[in-house]
Structure formats: C-alpha cells, structure tokens
Amino acid sequence: MPYETLLFEVRDRVAFITINRPDKLNALNDRVVAELSEAAGRIAAEDEIRGVIITGAGQKAFAAGADIGELAGQGPFEGKARALKGQAMLRRLETCGKPVIAAINGFALGGGCELALACHLRIAAEQAKLGQPEVKLGIAPGYGGTQRLPRLVGRGPALQMILTGEAIDAQQALRIGLVSQVVPASELLAAAETMMRAILKNAPLALRLALEAVERGLDMTLEEGLLLEANHFGLLASTRDMKEGLTAFLEKRAPRFEGR
Ligand code: COA
C-alpha cells in the first residue's frame with residue numbers, strides 16, 4: 001500500500017513513522033488508521049525492522065484525535081465499526097513484537113493520546129499537551145483510552161482526564177507516569193532515537209518475550225502471568241543469544257546478539 005498520510009522510513013533497523021497531515025493537526029482519519037494498520041503489519045513481518053518511533057509532522061501536533069469531520073456523519077453501527085477498526089490497529093501496533101516509542105511533539109488528544117498509549121514508551125516535547133477531550137464533543141474515548149489510560153496511570157488520574165476532558169501539559173504527564181521523559185522540542189527525535197538504540201543493544205528475542213509477557217500478562221491473573229513469564233524464561237534458554245549474553249558477561253566482553 002503506498003502511503004498517502006504517513007512518512008515511513010527505515011534507518012539502521014529503526015522504522016520512523018510520521019503522521020503527515022499537519023494542516024489538520026495529524027488528525028486520524030480512516031485513511032491514517034488503515035495506513036497505520038498496514039504499517040504495523042509490515043513492522044511485525046520485516047526482520048530488519050527492530051524498533052519503531054512514531055511522531056507527527058509539523059511543530060504543533062502529534063495527532064489531534066480522530067477526524068471530527070468523519071465522526072460527524074456516523075451512525076451507531078458505523079461508530080462501533082470505526083472504534084473497532086481503530087482499536088484493532090492499535091492492538092496490532094502494540095503486539096508487533098518490537099519496541100515502539102511515541103515521540104509526542106505537540107497535541108496528543110483523543111485518538112492521538114490513545115495512539116501514544118498503545119506505544120510501549122512515550123517521550124514528550126516540553127510544549128506537548130495530552131488529553132482525552134471526547135466528552136466535550138458528546139462522545140467518549142473509542143480507541144482504547146478508557147482501558148489503557150487507567151492501566152498506565154491509575155484510575156484516579158485517568159478519570160480526571162477522561163471526565164474533565166482537559167488536556168495536561170508535558171510536566172503533568174511526566175508526574176503521573178503518562179510519559180517517561182520530557183525534552184525540548186528540538187531534541188525530541190534524537191532523545192527517542194537514543195532511547196531506542198539503547199534498547200536495541202539488548203537481545204532481540206529477550207526483548208520480544210519481555211514485551212509479550214508485559215502486554216499479555218496485564219490481562220491475566222497474577223498466577224497466569226507468572227506462568228507465562230516462567231515459560232518465556234525457559235524458552236529463552238534455547239536461544240544462542242542467551243548463551244552469548246551470559247558467556248560475554250563471564251568473559252568480561254560486550255555481547256554480540258544475533259536474534260537467534
Ligand atoms: N479532526 C479534524 N480536524 C481537526 C482536528 C480533528 N480532531 N483537530 C484539528 N483539526 C483541524 C482544524 O479543523 C483546522 O482545520 P482548518 O484549518 O481546515 O479549519 C486545523 O486542524 C487546525 O486546527 P485549529 O483548531 O485551527 O488549531 P488551534 O491551534 O486553534 O487549536 C486544538 C488546536 C488542538 C486545540 C484544536 O484543533 C482542537 O481542539 N482539536 C480537536 C481536538 C479533539 O477534540 N480531539 C478529539 C477528537 S475525538
């Protein structure tokens with residue numbers, strides 16, 4: 001699929017995805033959702049892609065939400081289908097098996113905040129604003145905000161954002177754990193890339209299974225999650241990378257991981 005609304009560039013094992021509708025503050029219309037879904041499949045399938053950084057084009061917005069023009073014409077079944085499509089796209093991204101970092105360069109509102117929530121890590125520019133303003137429009141979050149936001153920041157802060165609809169700034173987002181780092185806008189992509197390159201020094205299969213245990217385990221009982229973790233721990237003992245990692249430590253040298 002040729003992308004109309006995304007820039008997609010792979011540089012030294014990292015896919016950089018830029019939502020590219022700056023004149024509409026990168027609002028997530030149906031086309032953006034379809035293209036992000038396709039991109040998530042590509043990321044999962046292509047071995048040479050090891051991590052992903054997502055940002056928005058322009059200075060102003062990461063993504064200012066679902067496209068309000070499209071929402072305005074929807075009936076109940078269309079609305080449900082749209083929500084399910086957006087949710088499926090974000091789940092595809094979340095379970096792509098590679099680390100995904102959101103570089104939040106400005107407004108991350110509604111679906112934009114939900115996109116950031118589906119990423120594994122979030123770094124914000126100082127002027128970023130994050131919020132779930134749906135109730136101000138007579139709708140409620142539909143791309144996972146009611147589920148991922150409380151899981152990430154806790155019920156109280158999540159409900160504060162969802163019920164007031166008010167956006168919070170980057171420093172508040174840092175305080176409640178919605179983002180893990182705040183940097184000047186000019187340093188945002190470099191900071192995201194530094195974080196990604198540090199992650200990618202680690203063993204790829206270990207990264208994949210650690211991600212999977214966290215993402216899947218959150219929906220399990222503690223017992224089930226612990227069993228999943230133990231199974232992954234055991235599975236990694238079959239990899240050459242585990243032998244290499246442990247041997248390299250004992251030999252006091254840097255490991256050379258192959259993803260096998
Ligand atoms: N859907 C569709 N278009 C959007 C949009 C969205 N979610 N958010 C912004 N845009 C469009 C505006 O309509 C405007 O288009 P136009 O120039 O053709 O009129 C353009 O992007 C610029 O936005 P504008 O509102 O003029 O910028 P601003 O700096 O005055 O305000 C915001 C910025 C983010 C506060 C404001 O755009 C906003 O409130 N957007 C909607 C946020 C929202 O409710 N998201 C959840 C949707 S479910």
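The values are calculated or read from the model by the stated rules, or taken from the named source; none is laboratory data. All figures in this text were calculated on a predicted structure; none of them were measured in a lab. All Cβ positions, even for glycine, are placed from backbone atoms using ideal geometry, and neighbour counts span all protein chains on display. Quick note on the areas: whole protein, heavy atoms, side chains included, nothing else; ligands and nucleic acids left out. Shrake-Rupley method; radii C 1.70, N 1.55, O 1.52, S 1.80 Å.
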#### Entry: Of the criteria (1) loosely packed, with under 15 Cβ neighbours inside 10 Å; (2) within 30 Å of Asp30 (Cβ to Cβ); (3) without any contact (Cβ under 8 Å) to a residue 40 or more places away in the chain, which one Thr194 fails
(2)
### Task
Please state which one of Arg42, Arg11, Arg31, Arg92 is open to solvent by 10 Å² or more (accessible area, probe 1.4 Å), modelled with pLDDT of 95 or more, of a type in the set (D, E, K, R) and touching a Leu at 6+ places or on another chain (Cβ under 9 Å).
Arg92
### Task
Determine if the stretch 91-99 includes at least one residue that is of a type outside the set (Asp, Glu) and more than 13 Å from the chain's Cα centre (by Cα).
no
### Task
Of all residues in the stretch 76-86, count the ones that are open to solvent by 30 Å² or more (accessible area, probe 1.4 Å) and out of contact with any Asp or Glu (no Cβ under 9 Å at 6 or more places or on another chain).
6
### Query
Do you know which residues across the stretch 203-259 are surrounded by 17 or more Cβ atoms within 10 Å (Cβ to Cβ) and touching a residue at least 60 places away in the same chain (Cβ under 8 Å)?
Pro204, Leu207, Arg208, Leu211
### Message
Of everything in the stretch 90-114, what is within 16 Å of the ligand (Cβ to nearest atom) and of a type outside the set (Asp, Glu)? Give them in sequence order.
### Response
Leu90, Ile104, Asn105, Gly106, Phe107, Ala108, Leu109, Gly110, Gly111, Gly112, Cys113
### Task
With respect to Glu134, determine if the residue is in contact with a Pro (Cβ under 9 Å, 6 or more places away or on another chain) and of a type outside the set (Gly, Ala, Ser).
yes
### Task
Answer yes or no as to whether Ala158 is closer than 14 Å to Cys113 by Cα, in contact with a Leu (Cβ under 6 Å, 6 or more places away or on another chain), of a type in the set (A, V, I, L, M, F, W, C) and part of a helix (DSSP H, G or I).
yes
### Message
When you check Ala66 against the structure, is it of a type outside the set (Ser, Thr, Tyr), open to solvent by less than 20 Å² (accessible area, probe 1.4 Å) and under 18 Å from the mean Cα position of the chain (by Cα), yes or no?
### Response
no
### Task
Could you tell me whether Thr18 is of a type in the set (Val, Ile, Thr) and either over 15 Å from the mean Cα position of the chain (by Cα) or surrounded by fewer than 18 Cβ atoms within 10 Å (Cβ to Cβ) (or both)?
no
### Task
Collect the residues in the stretch 115-155 that are within 9 Å of the ligand (Cβ to nearest atom), assigned to a strand (DSSP E or B) and open to solvent by less than 20 Å² (accessible area, probe 1.4 Å), keeping them in residue-number order.
Gly131
### Task
Please work out which residue is nearest to the ligand (Cβ to nearest atom), limiting yourself to the stretch 164-173 and to residues that are open to solvent by 20 Å² or more (accessible area, probe 1.4 Å) and part of a helix (DSSP H, G or I).
Thr164
### Message
Take Arg42 and tell me if it is basic (Lys, Arg), more than 16 Å from the ligand (Cβ to nearest atom) and over 17 Å from the mean Cα position of the chain (by Cα).
### Response
no
### Task
Give the number of residues within the stretch 174-211 that are farther than 22 Å from Glu94 by Cβ and not in a helix (DSSP H, G or I).
4
### Task
Considering only the stretch 161-182, state which residues are of a type in the set (Val, Ile, Thr) and touching a helix residue (DSSP H, G or I) at 6+ places or on another chain (Cβ under 6 Å).
Ile176, Val179, Val182
